[in-house]
Every structure is written in C-alpha cells, then in structure tokens.
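Okay, structure first, notes after.
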Amino acid sequence: MKYPALLPFADILPQLNDFDAIIDARSPSEFAEDHIPGAINCPVLDDAQRVRVGTMYKQVNTFEAKKLGAMLIARNIADHIEALFIDKPKDWKPLIYCWRGGNRSGAMSHILAKIGWPVIQLDGGYKEYRRHVSATLAEHAARLSYTVVCGPTGSGKSRLLQVLAAQGAQVLDLEQLAAHRGSVLGNLPTTPQPSQKAFESSIWNLLRHFDPALPVFVESESKKVGNLRVPDALMEKIRGSRCIALGLAQADRVKLLMDDYLHFVADPALLNTQLSCLTALHGRETIDRWQKMAVDGDMQELVEELLVRHYDPAYLQSIKRNFDQFGEAHVLELPDISDEAFLSAAQTLHRATRLLGPLRYFASKKIKHQ
C-alpha cells in the first residue's frame, strides 16, 4: 500500500482500535465539540490562526492566504513532530483526519508519510465519521437488550451502575457520559457537559462494543440529561425494557444524597440558584423557605422535604408513564449504602445474568442477594 493511504471510514472502522494514534488535525474548538473516540488534538492551525488565514482569503487574496497558511501549518506540524512523534518507530501507524479529509489532514499526512510512517488519512474526515455515527447509532441501540435500574432519587442507581461496571458488566451510564446527575440539581459545577455530538459519540462507541448476548445495565433516565438529549431510538428501546426496582430506606437515601451533593452543602448560594428553577412548581413561599433552610445549614431537613414533596411524586408519575414494564419490575432491596451492600447487589445481578441469561434471570419476581 502506498502511503499516505486515503481510506473511507467503512474500511477504517474494523481497525479503529489498532492505530497507534488517532490524530485530529482540526482546531482546538472543533476538537472540543466532538472527535473520534481516543483521538488526540494536533491542530495544524489553531483557532486564532484559522481566523487569520480566513480573513486574508476574504480581504486580500487566495495566494497570500495560502502562503500564510503554509507557513503556519509547516511550523505547527514541526512542533507536533518534535513534541509527540520524534521517538516513534518506523512501524508506528497513525490515522489522521480533519473536517472533510482535505488540506489540513492532507498536509500532516503527507509530511509524516514522507518521514516513512504508514499513515492512513480518513477520506471525508470528521464529517464522514459523524455521518456514520448518526446512521448507525440506532442500529447499535436496537440490537442490544437492556436491564433498566429504576428507583427514586437517592436510591443508589448510579452507584450500583458504577459497581456493576467494575465487576465487568455491560453498563451504559448516561449520567456519567453527560456529566450530569439528571435532575434540576444535577449539574456538576466543576465539570461542564459535553456537546450533543460528543455525547452521542460516547454512546455510539460503547454500544458498538457491547455483546448482544448479555444485557446492558442502564438507569431509568428522562429523555434529557441536563441539556443533552438521549437519542430517540435508544430511549425508545430502554423504555420498553425489563426493569429492576431498587429499594432503600428513606434515611439512607438522605445520607446518600448528602454525600453526592457536598458541593451544595459547601455553597448554599449555588443550591439556591438551582432551587429557584422549582418556583413555578412549588410557589415562591415554599422556595423561599427551602432557600432559608439551605442558608441556615438545615440540609438534612431540606433534603427530606425535597424527596417527599418534589422528587418522589415526580418520579412515580414519570416512571409509570414512560417505562412500560415497570409494573412488573423485579425488586432489589439494599440494606444500607455501604460499599459492601452495593458490591453484593452488583455481584448478584452480574452473576445471575451471565450464568442464566437475561430471560431465565427474570423468572423470579424478588431478587435476593447471594
């Protein structure tokens, strides 16, 4: 094969995990919005440089813009080689792409191939990758079976998913991928949510690796997780799937939420900003009282009220309306919120589904820890 080799994504996909590096030659802002999973950003033009060259195209002429662009691109590629690639062996195999597989990735591919590396350039670039994700995400979602972990706010759904994943189970943790806990108080102050495209890329990358013979554990999410929308085909499949209902005492639910929302305990002003979003549902008088409780440090009492008056009624209304098989949900009681309790529950679920298969696993209405 002559290098650099220009290949379509359909040919590249089967070997996507075999490349020694996946190099995104686009600008940092383009990379931040979304990129092929596992890619590193080596911009041949950064954001300011793209603006500078583009302005010259419009205000001066194409020839002068190309000279400037060539100078900047050559300098940036040299910097990347010196910083990242100078020690790579001759058989080091990178995949390189830009927006449409054109000038930016072409320049880097040409130089790296001239050095002697077996460079593959993605024909159609990120745009072709994105087209593939959009076209196949629904197919990946449809070929899998799901076990939906249900339970009211604070029942430990996310913790159980994390322990299941650590045990080797197939887990689609949409809240983790969305960097959001899924409720009005669910934003993570130090972690911004990804873009919608990046969210879908993460989902696609997980689903394509899952084994259809085993269930995928997923939480009973709403259609939106924070500002991000769960793809319709995936949401429809999840909502029609079998359910596990977590049971946990109210006192333990309060403790768990206090642990998970320590940032609100430390910053009542942040909590009160979020509580303001509930004014239309609960009225100004109730919100004022809740906000005062936050300022006064009455967090346990506030959490209890939020569960009873907001979260639990909303959960019961939503779960019955949206999850077809919740009425036949299999109950898994957690004795407490200790690490041992979640580990035992995860091992029970994972072992049962692996040994018996998802159909025989659901033969019993009540799940007991083994």
Open item on the list: Take Gln274 and tell me if it is in contact with a strand residue (DSSP E or B) (Cβ under 6 Å, 6 or more places away or on another chain) and either farther than 15 Å from Gly186 by Cα or in the same structural domain as Glu219 (by TED's automatic domain parsing) (or both).
Closed with: no
TODO: Among residues belonging to the stretch 175-218 that are assigned to a strand (DSSP E or B) and under 26 Å from Arg242 (Cα atoms), point out the one that is modelled with the lowest pLDDT.
DONE: His180
Task: Per-region count, the stretch 163-174, residues in a helix (DSSP H, G or I) and in contact with a strand residue (DSSP E or B) (Cβ under 8 Å, 6 or more places away or on another chain) - done: 3
- [ ] Please work out if Ala249 is touching a helix residue (DSSP H, G or I) at 6+ places or on another chain (Cβ under 6 Å), at pLDDT 95 or above and surrounded by fewer than 18 Cβ atoms within 10 Å (Cβ to Cβ).
- [x] no
TODO: Quick one: in the stretch 82-114, of everything that is aliphatic (A, V, I, L, M) and in contact (Cβ under 8 Å) with a residue 24 or more places away in the chain, which residue is surrounded by the fewest Cβ atoms within 10 Å (Cβ to Cβ)?
DONE: Leu84
- [ ] Within the stretch 219-236, work out how many residues are in a loop (DSSP other than H, G, I, E, B) and without any contact (Cβ under 8 Å) to a residue 24 or more places away in the chain.
- [x] 1
- [ ] Name, by its number, the condition in (1) surrounded by 15 or more Cβ atoms within 10 Å (Cβ to Cβ); (2) out of contact with any Cys (no Cβ under 6 Å at 6 or more places or on another chain) that does not hold for Lys58.
- [x] (1)
Open item on the list: Could you check the stretch 262-272 and list, in sequence order, the residues that are in a helix (DSSP H, G or I) and surrounded by 13 or more Cβ atoms within 10 Å (Cβ to Cβ)?
Closed with: His263, Phe264, Val265, Pro268, Leu270, Leu271, Asn272
- [ ] Give me a count of the residues in the stretch 325-370 that are outside any helix (DSSP H, G or I), modelled with pLDDT of 90 or more and not small (Gly, Ala, Ser).
- [x] 8
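The values are calculated or read from the model by the stated rules, or taken from the named source; none is laboratory data. In this text, all values refer to a predicted model and were calculated from it rather than measured experimentally. Because the Cβ atoms are built from the backbone with ideal geometry, glycine has one as well, and the counts that use them run over all protein chains shown.
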